[in-house]
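Data block below; observations after.
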Amino acid sequence: MNFSEVFKLSNLLCRFSPDGKYLASCVQYRLVIRDANTLQILQLHTCLDQIQHIEWSADSLFVLCAMYKRGLVQVWSLEQPEWHCKIDEGSAGLVASCWSPDGRHILNTTEFHLRITVWSLCTKSVSYIKYPKACQQGITFTRDGRYLALAERRDCRDYVSIFVCSDWQLLRHFDTDTQDLTGIEWAPNGCVLAVWDTCLEYKILLYSLDGRLLSAYCAYEWSLGIKSVAWSPSSQFLAIGSYDGKARLLNHVTWKMITEFEHPATINDPKIVVYKEAEKSPQLGLGHLSFPPPRAVASPLSASESKYEIASGPVSLQTLKPVADRANPRMGIGMLAFSPDSYFLATRNDNVPNAVWVWDIQKLRLFVVLEQLCPVRSFQWDPQQARLAICTGGSKVYLWSPAGCMSVQVPGEGDFPVLSLCWHLSGDSLALLSKDHFCLCFLETKEEVSTAFRQQDSHT
């Protein structure tokens, strides 16, 4: 495993292009386009203000830079570096901006969610969509780019409108039986739309493309409900993370629950492998010690190496007692992600913040638990295989696959707190993001990585 040099970064804005050829990053008001393999700078653009959001077009030919404070969007071209576009929303303001799937239209949401403005880069025409709802996830496109589903709020009721992306004509408009719609998401195959309600009422609704209600699911009442939702890449399963600390799986045939995964604080089953991260004790002789000790020795929690040890059961996990009288309590399943082959589901229970649970979807059982020394900030699956990358805000990145798991120290002077990460399309590299810097981690082939996993497992 090799690491690149460290580059400057602002606001964790670092994105690989969809075709995997380029890497875009931001340093305050500058946009830097690099070759994803060599990291050589290809283009450097200066925006009118500090960049708060970037997004690649689906064909990797354009990059959108949004400056919400100024109500501005600037677009840059990779094919024609001298070409650029500026969109000014003026007094209407700007709170969100995104590409349409064709990469030739930009959807801007104005302040107070008064409307969505659709700007065409080709014809310079403008369309307006009224009544977008201010919610957690109110806009979603089908994977094939043909349809847009939009959550709306009008006359104190929730609605969903489905638009045809080719001409932005309204295809279907229907009301939803929700108190306060929180999110919508298409299944990967584009056939079913999931709509879920506020956390105060447990309800998830499933609609067909023509607006028919296929099913409604409610696990319980009179308690905090849905916290996270994820479709499997195969569209066969819908995972629902709930505030009661359980992840429930619905099947795509009857839309009934086929199982629920509990997240107990103690793992009693001896068949479940629990990996615990442990600090490696430094092997230093007295003759090698200096006084005062160097910073790497003086601050072992941030810079020392760690390893995984297999815990013998029963295993008690570190838990947090949630503050019940505050909004958004730290409890329940806050993160869900399926592996690209739909064989595994990774979850995090927010009141067991240091643990990542990996479930075997074929056998519908717990496969492995990884307990870190610090709370898990983010995890993401390799786009090409069942390999999970985890970060905890420390200077290490963690990798798990069915072959085993490993902890890798990010090299370099000083600390590099990994706050977020993102995979390259090929799965051969991984961008590690800290507050002010980023670097790339280049991974070896499958065989070499499997060997490294096995070697680290043998040491534990």
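Tabulated values for the structure
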quantity	calculated
Residue among Asp167, Asp177, Asp144 that alone is closer than 25 Å to Asp59 by Cα, touching a residue at least 24 places away in the same chain (Cβ under 8 Å) and open to solvent by 20 Å² or more (accessible area, probe 1.4 Å)	Asp144
Flag if Tyr68 is within 30 Å of Glu413 (Cβ to Cβ) and of a type outside the set (A, V, I, L, M)	no
Out of Thr110, Thr142, Thr117, sole residue that is over 21 Å from Ser208 (Cα atoms) and touching a strand residue (DSSP E or B) at 6+ places or on another chain (Cβ under 6 Å)	Thr117
Pair list, Cβ < 6 Å and 6+ apart or interchain, from the stretch 186-207 residues that are within 12 Å of Cys218 (Cα to Cα) to residues that are among the aromatic types (Phe, Trp, Tyr) and open to solvent by less than 20 Å² (accessible area, probe 1.4 Å)	Ile204/Trp196
Filtered residue count, the stretch 91-126, keeping only those that are touching a residue at least 60 places away in the same chain (Cβ under 8 Å) and among the polar types (S, T, N, Q)	1
Which numbered condition Leu44 fails, given (1) aliphatic (A, V, I, L, M); (2) in contact with a Gly (Cβ under 8 Å, 6 or more places away or on another chain); (3) exposed (fewer than 15 other Cβ atoms within 10 Å of the Cβ)	(2)
Filter result (open to solvent by 60 Å² or more (accessible area, probe 1.4 Å) and at pLDDT below 65) within the stretch 425-460	Thr445, Lys446, Glu447, Glu448, Arg454, Gln455, Ser458, His459
Test: Leu107 is more than 18 Å from Leu148 (Cβ to Cβ) and hydrophobic (A, V, I, L, M, F, W, C)	no
Meets criteria (buried (at least 20 other Cβ atoms within 10 Å of the Cβ) and under 22 Å from Glu371 (Cβ atoms)) for Gly225	no
Check on Phe62, among the hydrophobic types (A, V, I, L, M, F, W, C) and at positive phi	no
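Each row is one residue, and each column tells you yes or no for (1) among the polar types (S, T, N, Q); (2) touching a residue at least 24 places away in the same chain (Cβ under 8 Å); (3) farther than 30 Å from His424 by Cβ; (4) surrounded by 20 or more Cβ atoms within 10 Å (Cβ to Cβ).
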| position | (1), (2), (3), (4) |
| --- | --- |
| Pro322 | no, yes, yes, no |
| Asn328 | yes, no, yes, no |
| Asp341 | no, yes, no, no |
| Ala346 | no, yes, no, yes |
| Ala355 | no, yes, no, yes |
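The values are calculated or read from the model by the stated rules, or taken from the named source; none is laboratory data. No experiment lies behind these values; they were computed from the predicted model shown. Please note: Cβ atoms are built from the backbone with ideal geometry, for glycine as well, and neighbour counts cover all protein chains shown. For the accessible areas, the whole protein counts, side chains as well, though only heavy atoms, and no ligand, DNA or RNA atoms are used. Shrake-Rupley method; radii C 1.70, N 1.55, O 1.52, S 1.80 Å.
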